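The values are calculated or read from the model by the stated rules, or taken from the named source; none is laboratory data. On a predicted model such as this, the values are computed, not experimentally measured, just so you know. Every residue, glycine as well, gets a Cβ built from its backbone with ideal geometry; the counts of neighbours run over all protein chains shown.
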Amino acid sequence: MRKPVFLKVLLAMTVLALSACTHVPKPEQNPLAHWAPSPNHEARRPILIVIHATEQNSVAESLETLRTENSGGPVSAHYLIGRDGERYQLVADELRAWHAGGGRWGTITDVNNVSIGIELDNDGRSEFPAGQIDSLIVLLEDLCERLYIPRTQIVAHADFAPTRKQDPGTRFPWKRLAEAGFGIWPAADAPPAPAGFDPWNALRLIGYPLTDRAATVRAFHRRFRGTETDVLDDEDLRILASLVRQSTGE
Ligand SMILES: [Zn+2]
């Protein structure tokens, strides 16, 4: 069938127009593939929440640190909570803040990519005021509900970076958080660990990295025993057995 003349002209004009413009892919376009955008998408959602202590002396000092180029390189967090419970948001939830640094949690090798970072104004030695924790719990409720983050997926900075970090430290009230339904905590009536129980496998299943076992045990003790020793005892095994049941849903 012969094409009508106007169609031939239209075709020629289109070919000319296409060859005239050198196609420069936008940053989101991979030149290795044809760009065929779909409207059916949204911002990615984080799947983990990291609790930090600022280890500084005031909200004002931390707002400065978290929003500037500082001597150790730029850092940030999505949220900062003052000792009075006042909440500040510094980075949008769907963006990648720079709070985690290196480390590994389970199979997650880039924690910044998949997490929300919450800094608590605390000098690293003092108690966390009840009002500050109440304020954190309100924020956790909002984040888990709105972003579909599993309520068990709340970790300490030190949990996934045990060789570099100690925060939020031994004074952070993980039990209080668990009573509000966030994070994991051993059942009070959990039985002793079964014979042959492997604590290293348990730590690995929960998410802890095992590259430096003594550092990992210190991180585990900070969170679940409020101490900083690096030798496991029978009570640790009982706790670990209970935690594994919770984190693996068994
Ligand atoms: Zn931290």
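State whether one or more residues within the stretch 69-76 are within 15 Å of the ligand (Cβ to nearest atom), more than 23 Å from residue 182 (Cα to Cα) and among the hydrophobic types (A, V, I, L, M, F, W, C). Step through it out loud before you land on a result.
Residues of the stretch 69-76 within 15 Å of the ligand (Cβ to nearest atom): 70, 72-76.
Those still in the list that are more than 23 Å from residue 182 (Cα to Cα) too: 70, 72-76.
Add one more test, that the residue is among the hydrophobic types (A, V, I, L, M, F, W, C), and what stays is 75.
Looking for residues that are within 15 Å of the ligand (Cβ to nearest atom), more than 23 Å from residue 182 (Cα to Cα) and among the hydrophobic types (A, V, I, L, M, F, W, C), one finds at least one in the stretch 69-76, hence yes.
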Worksheet item: Going by the conditions given, is residue 234 within 28 Å of residue 109 (Cβ to Cβ) and surrounded by fewer than 20 Cβ atoms within 10 Å (Cβ to Cβ)?
Response: no
Item to complete: Go through 110, 159 for me and flag whichever is under 29 Å from residue 230 (Cβ atoms), within 12 Å of the ligand (Cβ to nearest atom) and not β-branched (Val, Ile, Thr).
Response: 159
Worksheet item: All but one of (1) more than 16 Å from the ligand (Cβ to nearest atom); (2) surrounded by fewer than 14 Cβ atoms within 10 Å (Cβ to Cβ); (3) among the basic types (Lys, Arg) hold for residue 164; which doesn't?
Response: (1)
Worksheet item: So is residue 159 part of a helix (DSSP H, G or I) and either among the small types (Gly, Ala, Ser) or under 23 Å from residue 107 (Cβ atoms) (or both) or not?
Response: yes
Worksheet item: Which one of these does residue 26 not meet: (1) under 26 Å from the mean Cα position of the chain (by Cα); (2) at pLDDT below 90; (3) surrounded by fewer than 10 Cβ atoms within 10 Å (Cβ to Cβ)?
Response: (1)
Practice prompt. Identify, from the list 238, 171, the residue that is over 19 Å from the mean Cα position of the chain (by Cα), touching a residue at least 24 places away in the same chain (Cβ under 8 Å) and under 24 Å from residue 134 (Cβ atoms).
Written response: 171
Practice prompt. Would you check which residues across the stretch 65-103 are touching a Pro at 6+ places or on another chain (Cβ under 8 Å), closer than 14 Å to residue 52 by Cα and in contact (Cβ under 8 Å) with a residue 40 or more places away in the chain and list them?
Written response: 83
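Assigned to a helix (DSSP H, G or I), at pLDDT 95 or above and polar (S, T, N, Q), is that true of residue 112?
Details: assigned to a helix (DSSP H, G or I): yes; at pLDDT 95 or above: yes; polar (S, T, N, Q): yes.
When the stated conditions are applied, residue 112 passes them.
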